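So the structure is just underneath, and the comments pick up after that.
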Amino acid sequence: MRDIPVLIVSSEIEGFAKTGGLADVSSALPKELRKQGVDARAIMPMYRTTRTYIKKMNCHITTSYDIAVPVGSELKQGKLHECFFNDAMFYFIENDEYFDRNGIYGEDDRDYPDNLQRFTFFNRAVLEGCKLLNWKPELFHCMDWYTALIPIYLKTVYLHDLYFTGCTTVFTIHNIAFQGIFYPDEIKITGLDHTLYSMEKLEFFSKINLMKGAIVYSTLITTVSRTYAHEIQTSEHGFGLQDVLHERSNDVHGIVNGIDYQLWNPEHDAYLEQDGFTADSIEKKEECKKALLRECGLSYTQGIPLISFIGRFSHQRGIDIIIEALPTMIRENVQCIILGTGDSVTEKRLQCLAEQFPENICLRMEFNEGLAHRIIAGSDMFLMPSRFEPCGLTQLYSLRYGTIPIVHHTGGLVDTVFDYATKDAQPDTVNGFSFKGFSIHDLLEALQRAVAVYRNEPEEWKHLMLNSMRHDWSWAASAQKYIAVYKKAMQKHR
Ligand code: ADP
């Protein structure tokens with residue numbers, strides 16, 4: 001793979017725009033691929049926040065190109081910016097009509113109504129941009145439905161374009177719940193021929209489905225954990241795409257995400273005010289806990305476990321069962337910090353609970369990267385009762401910081417969290433607590449098991465922390481697996 005040009009196409013990249021784990025992956029993967037000798041570059045839209053971050057980070061745009069691409073019947077103008085930053089090449093696609101807005105995908109819990117126009121523009125501009133740059137990626141690695149048009153275009157509109165001869169595609173599903181579904185007549189916005197509106201291609205329950213198109217047209221498909229790769233081929237987790245995926249099951253690979261060891265490093269974490277810690281100085285973690293409790297307005301008492309949650313307050317994340325379980329949890333004499341945002345009803349319910357238990361619960365409804373780091377560092381346990389979980393990153397961050405995860409046994413959580421109950425069979429691997437049924441009762445039972453070990457068996461707890469901190473969660477191994485998939489895609493294509 002040495003010097004093989006790979007373009008990672010994503011709708012968000014950590015540092016430039018982020019709503020979730022996709023951004024973390026899109027920034028860490030190209031970094032690691034470059035370390036391993038791949039000429040990996042990344043491209044994303046220039047959102048309003050991206051422009052601010054570029055300025056703030058002193059990341060200089062070296063060259064800009066004018067770009068014009070068809071969206072529906074109009075020719076839309078924009079720019080492609082090239083920027084070398086942190087030893088990596090980034091490209092940004094600008095069009096202020098589409099991207100100079102407060103949100104990334106929408107505002108006030110609503111998707112933007114012109115998302116198909118916005119991402120048609122982006123996808124097409126990526127392909128036209130490669131020609132302007134005179135740089136030909138051998139492989140386009142596309143992330144989620146926002147970039148699904150690229151594998152479709154390369155096999156249709158651009159099929160006979162000699163510039164792209166030999167190019168291959170890998171499509172990664174980060175979350176199959178979001179598929180890019182639109183009305184059939186909107187296909188004209190994309191410039192695709194209406195004959196693609198067929199059951200074998202983009203048609204999906206009388207609508208067009210861009211993720212389905214990418215599954216059909218990509219050379220290979222990956223998703224972000226081995227268990228999720230199996231789960232999305234079942235009716236329980238496939239969100240209607242299980243049969244399309246099953247049809248291509250030999251081409252579906254599960255690669256668990258790594259974490260960026262520079263950003264998430266308990267020893268040197270830029271967001272911690274006090275000294276960090278390692279597995280060899282794990283006692284210093286208690287200082288992080290004290291500082292965190294101070295920051296969150298909760299008092300510190302030795303021996304009271306601090307349990308946290310970070311993330312979207314969504315049905316997927318099981319926020320409803322957390323809310324139901326919270327009063328019982330509090331009676332176990334634990335403290336809780338909850339960081340995230342969600343719909344107004346859920347936020348209100350959480351607010352009521354926080355007001356009811358001001359000594360035990362701190363609720364912060366915001367997106368706050370620094371606080372997220374301090375919560376991961378200072379908490380004893382991390383709660384992740386997701387109904388489904390493609391990979392999950394916060395449990396990996398927690399493990400790296402010796403914060404013990406309590407999770408529902410699903411998707412990437414199966415591949416990364418190994419229950420304490422199996423300690424006799426795998427003493428060096430156990431690192432958390434998981435529950436198989438999905439109910440408040442199951443969640444509470446796992447939580448009570450965790451609290452009991454924390455309170456009564458400090459040596460065992462320390463053992464769990466050391467197991468979790470000593471495991472290699474870095475991107476190196478995952479990037480190697482992606483390289484193997486890239487090689488397979490290129491061979492398949494020949
Ligand atoms: P998602 O499904 O939302 O992508 P992941 O677990 O894969 O979930 O990744 C979530 C990422 O977003 C993590 O880096 C997490 O720390 C971060 N995150 C989520 N909500 C918040 C928040 N309110 N404040 C700060 N960071 C957050």
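Since every read-out is calculated from the coordinates, none of them should be taken as a lab result. All values reported here derive from a predicted model rather than from experimental measurement. Counting neighbours? That spans all protein chains shown, and the Cβs are built from the backbone with ideal geometry, glycine included.
Think of the chain as a dipole: +1 on every Lys or Arg Cβ, -1 on every Asp or Glu Cβ, centred on the Cα centre; then among GLY432, ILE304, ASN95, ASN95 lies furthest on the positive end.
Rounded to the nearest 20 debye, the dipole size of region 124-272 about its Cα centre is 380 debye, using +1 on the Cβ of Lys and Arg and -1 on the Cβ of Asp and Glu. One compactness figure for the chain is 0.99, namely its Cα radius of gyration divided by 2.2 N^0.38 Å. Along the Cα→Cβ direction, 7 angstrom out, place labels at GLU107 and PHE239. What is the inter-label distance in nm? Reported label-point gap for GLU107 and PHE239 is 2.5 nm. Among residues other than VAL69 whose Cβ falls under 9 Å from its Cβ, what is the net charge (Lys/Arg +1, Asp/Glu -1)? For residues surrounding VAL69, the net value is +1.
Protection proxy ranking, highest mean first, for peptides 62-68, 18-24: 18-24, 62-68, where packing is the per-residue count of other beta-carbon atoms within 10 Å, averaged.
Here is the short version for the chain: CYS59, CYS83, CYS130, CYS142, CYS167, CYS288, CYS336, CYS352, CYS391 have no other Cys C-beta closer than 4.7 Å.
Treating r as the C-beta distance of HIS230 and ASN250 and R0 as 22 Å, the FRET efficiency rounds to 0.95. What the phi angles of region 300-317 give under the Karplus curve with 6.51, -1.76 and 1.60, with θ = phi - 60°, is a coupling list of 9, 9, 4, x, 8, x, 10, 10, 10, 9, 10, x, 5, 7, 10, 4, 4, 7 Hz, glycine and proline written as x.
Toward the positive end of the charge dipole of region 37-179, with +1 on the Cβ of Lys and Arg and -1 on the Cβ of Asp and Glu, the farthest Cα among ALA42, LEU116, ILE152 is that of ALA42. Using a cut-off of 32 Å between Cα atoms, the listed pairs LYS18/LYS289; LYS436/LYS487; LYS35/LYS436; LYS285/LYS423; LYS201/LYS492 include LYS436/LYS487; LYS35/LYS436 as exceeding that distance.
Close amide H pairs (under 5 Å, H built 1.01 Å from N) link GLY106 with TYR112, residues at least 5 positions away or on another chain. Which stretch or stretches of region 93-114 have amide N atoms under 13 Å from the point lying 7 Å from ARG48's Cα along the Cα→Cβ direction? Backbone N within reach: 96-108.
Ellipticity at 222 nm from helices only: DSSP H runs of n ≥ 4 in the chain, each -39500 (n - 2.57), divided by the residue count, give -11000 deg cm²/dmol. Summarised as an ellipsoid, region 279-472 has semi-axes of 23, 19, 16 Å, derived from the eigenvalues of the Cα gyration tensor scaled by 5 and square-rooted, with the largest first. Peptides 192-198, 10-16, 45-51, 459-465 ranked from most to least packed by the mean count of surrounding Cβ atoms within 10 Å: 10-16, 45-51, 459-465, 192-198.
Evaluated with a Cβ-only charge set (Lys, Arg +1; Asp, Glu -1), the chain carries a dipole of roughly 920 debye about its Cα centre, given to the nearest 20.
Length available on full extension from LYS492 to TYR261: 0.36 nm per residue minus the Cα-Cα distance, which gives 79.9 nm.
Which value, in debye to the nearest 20, gives the size of the charge dipole of region 279-472 about its Cα centre, when Lys and Arg are +1 and Asp and Glu are -1 at the Cβ?
260 debye
Applying 0.36 nm per residue to the separation of ALA68 and CYS352 and subtracting their alpha-carbon distance, the gain on full extension is 97.1 nm. Between GLU359 and PHE178, the C-beta separation translates, for a Förster distance of 51 Å, into a calculated FRET efficiency of about 0.85. Whole-Hz Karplus values for region 94-111 come out as 10, 7, 5, 4, 8, 10, 7, 9, 5, x, 9, 10, x, 9, 6, 6, 10, 5 Hz, taken residue by residue from phi with 6.51 cos²θ - 1.76 cosθ + 1.60 and θ = phi - 60°; glycine and proline positions read x. Look at TRP135, TRP145 and count the other Cβ atoms within 10 Å of each Cβ; fewest to most, that gives TRP135, TRP145.
Taking amide hydrogens as placed 1.01 Å from N in the peptide plane, the amide H of SER314 sits under 5 Å from those of ILE319, each at least 5 positions away in sequence or on another chain. Note on ILE282, ILE375: ascending count of other Cβ atoms within 10 Å places them as ILE282, ILE375, the fewest first.
Model label sites at LYS207 and THR19, defined 7 Å from Cα along the beta-carbon direction, differ in position by 1.5 nm.
Looking at the chain alone, DSSP beta bridges between its own residues are antiparallel in about 35 percent of cases.
Computed from the C-beta positions of ASP114 and TYR163, the FRET efficiency with R₀ = 30 Å rounds to 0.55. Cross-link partners for LYS76 among the lysines, with Cα-Cα distance under 21 Å and sequence neighbours closer than 8 places in the same chain left out: LYS131, LYS188.
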